[in-house]
1. Looking only at residues in region 59-99 that are out of contact with any Asp or Glu (no Cβ under 7 Å at 6 or more places or on another chain) and among the β-branched types (Val, Ile, Thr), which one is modelled with the lowest pLDDT?
2. Residues ALA115, ALA44, ALA64, ALA58: which one is within 24 Å of LYS19 (Cα to Cα), in contact (Cβ under 8 Å) with a residue 24 or more places away in the chain and open to solvent by less than 20 Å² (accessible area, probe 1.4 Å)?
3. Here are some conditions: (1) farther than 22 Å from THR18 by Cβ; (2) crowded, with 17+ Cβ neighbours inside 10 Å; (3) not acidic (Asp, Glu). LYS69 meets all but one. Which one does it not meet?
Amino acid sequence: SGRAVQPRKPCRIMPIKTKLTEALGIEHPIIQGGMHYVGYAEMAAAVSNAGGLGIVTALTQPNAEALRKEIRKCRSLTNKPFGVNVTLLPALVPPNYEAYAKVIIEEGVKIIETAGRNPKKIIET
């Protein structure tokens, strides 16, 4: 028909400023939940790069050293804040939570989300 398709103007999303966004250093009050077998560096970095808070899921990694690599990978994919989720569930053979916590601290992750049960025992270790 000879009509040129006009490109759409980019949609600008204005950041929402709240106490939460200010405390976490994020643009939007959106926090990715920890998701087993899904919460890898790529997803966490994508959420953080979009202005939310991405979360790497610790127990998706087979051990603490693999978590260290995943944290470093996330850091290489974003310069925005991200956190790590540690789910504390009863198990016949529980993960080495102390080793995971040590790696999170050594890697300088400032935001840790816990789920499942009270993290007091691990925090005190």
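The values are calculated or read from the model by the stated rules, or taken from the named source; none is laboratory data. Keep in mind that this is a model prediction, so the values were computed, not measured. As a convention, Cβ positions derive from the backbone with ideal geometry for all residues, glycine included, and neighbour counts pool all protein chains shown. Ligands, DNA and RNA are stripped out before the accessible areas are found, and what is left, the full protein with its side chains, is counted by its heavy atoms. Shrake-Rupley method; radii C 1.70, N 1.55, O 1.52, S 1.80 Å.
1. VAL93
2. Values: ALA115 fails: open to solvent by less than 20 Å² (accessible area, probe 1.4 Å); ALA64 fails: within 24 Å of LYS19 (Cα to Cα); ALA58 fails: within 24 Å of LYS19 (Cα to Cα).
Testing whether each residue is within 24 Å of LYS19 (Cα to Cα), in contact (Cβ under 8 Å) with a residue 24 or more places away in the chain and open to solvent by less than 20 Å² (accessible area, probe 1.4 Å) leaves just ALA44.
3. (2)
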